[in-house]
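Novice: First, the structure itself, so that you have it in front of you.
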Amino acid sequence: MNFENITLRRLKDNNEDYKLLEKWYQQKEIYTHFEQRKLNLEEIKSKYYPRTLDNSSISVYMIEYKNIPVGIIQYQSINNDNKVLYKIDSDNCYEIDVFIGELDYHNMGIGYKSINMISDYLFNEKNANLLVISPLKSNINAIKCYKKSGFEIKDNYITENTIGILQEYVLMTKEK
C-alpha cells in the first residue's frame with residue numbers, strides 16, 4: 001500500500017525488522033502507550049514472528065516514510081470478548097493499533113495517513129462495517145490523530161493493560 005511518501009509493507013521475519021521493533025520498544029513514549037513495558041529482542045520475536053505468517057489473525061505492516069521504517073500499524077478482526085467489552089453488535093469489525101517508533105517523525109502526519117490507508121483497505125478490500133481503535137485516555141496526541149482520521153469517541157472503558165494493571169481507554173469507531 002502506497003500513498004504519497006508512505007508505504008505499508010508486511011512485517012518480515014528478519015532481524016532487521018525485529019531490531020527496529022526492539023529499538024522502538026525501549027522508548028518510554030512508545031512502550032507506555034502500546035505495551036506498557038520494554039520488550040527485548042527475544043520477546044519481540046516471540047510476539048511478532050507469528051504475525052509475519054500468511055495465516056496470522058493479526059496483520060502487521062511496517063510504516064515506511066520515504067523508504068525509512070518509522071513505525072508499525074496492525075489490524076485484526078474483533079473477537080467476541082472484545083465485542084462485548086466494546087458493546088458492538090456489528091459483524092465484520094476490525095481493530096487497529098499503530099505507533100510511530102521514530103520520534104523524529106512524530107507530528108508529520110505519517111500516523112494519520114497510515115490510518116487512512118489501512119482504513120480504506122479494510123473498508124474496500126475486507127468489506128469492514130466498523131473499525132475500532134482504543135488508545136489510552138491519557139494519550140491525547142493519539143486521540144487527536146484518530147479524530148482527524150474520522151474516528152469518533154463512543155465510550156470510555158476500564159480494563160487490564162498488557163501487564164495486568166487497570167487503565168482507562170477511549171473507544172473510538174469509524175463506520176463505512
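The values are calculated or read from the model by the stated rules, or taken from the named source; none is laboratory data. Predicted model, so just to flag it, every value in this text is computed and none were measured. Here the Cβ positions follow ideal geometry from the backbone for every residue, glycine too, while neighbour counts run over all protein chains shown.
Novice: Considering only residues that are among the acidic types (D, E) and surrounded by fewer than 17 Cβ atoms within 10 Å (Cβ to Cβ), which ones fall in region 102-121?
Specialist: Correct list: D104, D120.
Novice: If you don't mind, another one. Inspect all residues belonging to region 73-91 and state whether any of them is more than 24 Å from T159 (Cα to Cα) and touching a Phe, Trp or Tyr at 6+ places or on another chain (Cβ under 9 Å).
Specialist: Checking region 73-91: not a single residue is more than 24 Å from T159 (Cα to Cα) and touching a Phe, Trp or Tyr at 6+ places or on another chain (Cβ under 9 Å).
Novice: Every residue in region 51-81 that is free of Cβ contacts under 8 Å to residues at least 24 places away in the same chain, surrounded by 14 or more Cβ atoms within 10 Å (Cβ to Cβ) and either of a type in the set (F, W, Y) or out of contact with any strand residue (DSSP E or B) (no Cβ under 7 Å at 6 or more places or on another chain) (or both), please.
Specialist: Hit for region 51-81 is S56, nothing else.
Novice: Follow-up question, since we're still on this one. Looking at region 2-17, which of its residues are in contact with a helix residue (DSSP H, G or I) (Cβ under 7 Å, 6 or more places away or on another chain), surrounded by 14 or more Cβ atoms within 10 Å (Cβ to Cβ) and over 19 Å from S57 (Cα atoms)?
Specialist: The one that is in contact with a helix residue (DSSP H, G or I) (Cβ under 7 Å, 6 or more places away or on another chain), surrounded by 14 or more Cβ atoms within 10 Å (Cβ to Cβ) and over 19 Å from S57 (Cα atoms): I6.
Novice: Answer with yes or no whether D97 is under 17 Å from the mean Cα position of the chain (by Cα) and part of a strand (DSSP E or B). Talk me through it step by step, then tell me what you get.
Specialist: On the way: under 17 Å from the mean Cα position of the chain (by Cα): yes; part of a strand (DSSP E or B): yes.
So D97 fits the description; yes.
Novice: Turning to a different aspect of this structure: Can you say whether Y31 is surrounded by 20 or more Cβ atoms within 10 Å (Cβ to Cβ), modelled with pLDDT under 95 and touching a Lys or Arg at 6+ places or on another chain (Cβ under 6 Å), as far as the supplied structure shows? If you could, list the steps in order and put the result at the bottom.
Specialist: On the way: surrounded by 20 or more Cβ atoms within 10 Å (Cβ to Cβ): no; modelled with pLDDT under 95: yes; touching a Lys or Arg at 6+ places or on another chain (Cβ under 6 Å): yes.
No, not satisfied.
Novice: Answer with yes or no whether F99 is buried (at least 21 other Cβ atoms within 10 Å of the Cβ) and modelled with pLDDT under 95.
Specialist: On the way: buried (at least 21 other Cβ atoms within 10 Å of the Cβ): yes; modelled with pLDDT under 95: yes.
It is true that F99 is buried (at least 21 other Cβ atoms within 10 Å of the Cβ) and modelled with pLDDT under 95.
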